[in-house]
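Note sheet for the following structure.
The values are calculated or read from the model by the stated rules, or taken from the named source; none is laboratory data. Because the structure is a prediction, the values reported are computed rather than measured. Backbone-built Cβ (ideal geometry, glycine too); neighbour counts: all protein chains shown.
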Ligand code: FAD
């Protein structure tokens, strides 16, 4: 039985965002009942739970994680950490994925989050509750036995289900006829199966570039097809090509008329964000584009989750009032118009990039919590710059954030 006046909040997913949500809800017992977290898998960590399997897990659920075996983070741990829980200082700045999973597990233990998680429970549907009290009806089932459904009512739902699980497949004429091996980066685990082959990768986002660097030492030739300006030096057997426009047999045709034969085609084309929970969130004006565009990207994920969650809880507690739905809608439409007028593609509206800092600062101001320390932005931008200079070696750098005492010793201002 929940004490009157305490909000019952449900969290969907126990990845980094869900753990952060549960930790902060539990820290506010005067306003919230203990959180209920539904996690479809048997573990915390979400995308950081590496598995060699692809396709479906033994319990019949699609494999959630897109981690590959040798993945190292593309942000240093000093930027990745939640502001209230640093990584082990003895670790290098750029981590193997297993170190990030260990970090999330120790975050869950440190803040006693596990006791709130119902593992192997899948949220099937979320719908607005009927009746004067409002709230949400959340329907769940056991991950291993989906025949029995349970519906519970909550005052608020926080969706932390991730958006890097459902591959986006571009509509390229002839793609379905490619006779070689065709896969999405979601299913890539390591370079060995591609030794001696000619591999075409479509897309030069973080995964496309990473896979290029992993494949180059073993493949005969790697062709990285993308629409960005040419990337800085890549290994000698890597060719950069325009976006692919068609596939005919084993030949890929590119935008400038070039053609290359391929044994393997890897789609590094991002993910769809299909709003799998009916009713969980009505589509907004800025929900453009086919894949992953309704969720923000180009951010520092964990610090960003921290700010969004604290803001969201401030709103739920009544410490911060949202403008009306109509005003929010109008503001979002205005921002979208500005973005389009500045030449931005609709599907890039949620790529925050440099806008993330003002956004997080505004959340902190409105929600009444500490803003992110300026060092996060500085290190993030330094990392982007060093990656632009040399994408092959930027991970060999190690950063160190000085303590306040050390700043005092060197006579400098940590925020300056
Ligand atoms: P997830 O980690 O995806 O967790 C979602 C959880 O929700 C999962 O456990 C899932 O089982 C559960 N779930 C989903 N649907 C349901 C449902 N219906 N019912 C119940 N449970 C459900 N970020 C960085 O900061 N640094 C990096 O270097 C970095 N590298 C990355 C590399 C790759 C290949 C990928 C894919 C992402 C990378 N990221 C990186 C981003 C990463 O996604 C975020 O850091 C973060 O882990 C996302 O956390 P999340 O909680 O939003 O989602």
note = Here the residues within region 45-66 that are near the ligand (Cβ under 9 Å from one of its atoms) and either more than 23 Å from residue 121 (Cβ to Cβ) or more than 15 Å from the chain's Cα centre (by Cα) (or both) are 61
key: Verdict on residue 338 being surrounded by fewer than 16 Cβ atoms within 10 Å (Cβ to Cβ), modelled with pLDDT of 90 or more and more than 30 Å from residue 25 (Cα to Cα)   = yes
query = For residue 194, all conditions in the list (1) touching a residue at least 12 places away in the same chain (Cβ under 8 Å); (2) farther than 23 Å from residue 269 by Cβ hold save one; what is the number of the exception?
reply = (2)
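Yes or no, residue by residue, for (1) surrounded by fewer than 17 Cβ atoms within 10 Å (Cβ to Cβ); (2) at pLDDT 95 or above; (3) within 29 Å of residue 68 (Cβ to Cβ):
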{"site": "137", "(1), (2), (3)": "yes, yes, no"}
{"site": "172", "(1), (2), (3)": "no, yes, yes"}
{"site": "196", "(1), (2), (3)": "yes, yes, yes"}
{"site": "212", "(1), (2), (3)": "no, yes, yes"}
{"site": "215", "(1), (2), (3)": "no, yes, yes"}
{"site": "221", "(1), (2), (3)": "no, yes, yes"}
remark   = Of the conditions (1) within 21 Å of residue 158 (Cα to Cα); (2) in contact with a strand residue (DSSP E or B) (Cβ under 8 Å, 6 or more places away or on another chain), the single one that residue 94 does not satisfy is (1)
remark   = Residues of region 78-103 being buried (at least 20 other Cβ atoms within 10 Å of the Cβ), without any contact (Cβ under 8 Å) to a residue 60 or more places away in the chain and not in a loop (DSSP other than H, G, I, E, B), in sequence order, are 97, 100, 101, 103
note = Filter region 9-44 for residues that are assigned to a loop (DSSP other than H, G, I, E, B) and surrounded by 18 or more Cβ atoms within 10 Å (Cβ to Cβ); the one that is nearest to the chain's Cα centre (by Cα) is 15
request  = Taking only region 21-44 into account, find how many residues are more than 12 Å from the ligand (Cβ to nearest atom) and in contact with a helix residue (DSSP H, G or I) (Cβ under 8 Å, 6 or more places away or on another chain).
outcome  = 9
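Residues are listed down the side, and each one gets a yes or a no for (1) more than 13 Å from the ligand (Cβ to nearest atom); (2) more than 28 Å from residue 53 (Cα to Cα):
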{"residue": "90", "(1), (2)": "yes, yes"}
{"residue": "117", "(1), (2)": "no, no"}
{"residue": "129", "(1), (2)": "yes, yes"}
{"residue": "143", "(1), (2)": "no, no"}
{"residue": "146", "(1), (2)": "no, no"}
{"residue": "165", "(1), (2)": "no, no"}
{"residue": "179", "(1), (2)": "yes, no"}
